[in-house]
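One structure is given below, encoded as structure tokens.
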Amino acid sequence: MRKVDMAAYNDRRRTVDRRALQWYMALGTLPPAATHANLHACAHLFASDRNSLFPVPAFVGVANNYSAMASLSHAVVFHCEGADLAMVERDGAPRWFCQEFRVERVAHGRAFVTSRIWREDGLHVASQNQDGLVRMRPGNENLLDDALAGGLRKKGLMTAKEIFGYPVKKEKL
């Protein structure tokens, strides 16, 4: 895996407008995609699930203050035939893929991330959605919520807490 330095691109953008890029390839040998396309698809599934939540702390400006991350749901839609998912070229050389991440929502210790996976020649091979937990280290629990709320206020939006207040009163029907 190779991460692309996106600091200059993300510098003045809001959390939901930032991007992360990473290149990945399979290590080791795989049987041909012509006979084992599902194995190549599984390699893409593994790469997308393993790496999708890591951009969240950086996007909201809390760096490495998290203590744990866990996937709650993960969905991938492939947009091409099995042969186009091949992790290796016909000559056996590894093929690189680029995953473009975007954090759609961060609140209350959870994050929703989407990504697109591109083959090195520009073919869009898959799209991915992931919902995950991001836990902060003790004493930093509100950093994610504060980072997001600050970004929303800068844009003139209000958080649900500001709109509805807490505690929410429940009425019996």
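Every number in this text was worked out from the coordinates using simple rules, so none of it is lab data. Computed from a prediction, not measured in an experiment: that's the story for all the values here. Every residue, glycine as well, gets a Cβ built from its backbone with ideal geometry; the counts of neighbours run over all protein chains shown.
At an R0 of 25 angstrom, the distance between the Cβ atoms of F46 and A8 translates into a FRET efficiency of 0.25. Under the combined filter of DSSP loop state and at most 11 neighbouring Cβ atoms within 10 Å, segment 8-67 retains these trypsin sites (Lys or Arg not before Pro): R12. Each Cα pair under 8 Å and six or more residues apart adds its separation to the average, and for segment 1-100 the resulting relative contact order is 39 percent.
Report the gain in length on full extension from M1 to S127: 0.36 nm times residue separation, minus Cα-Cα distance, nm rounded to one decimal.
Working: separation 126, 0.36 × 126 = 45.36 nm, distance 1.84 nm.
Gain in length upon complete extension: 43.5 nm.
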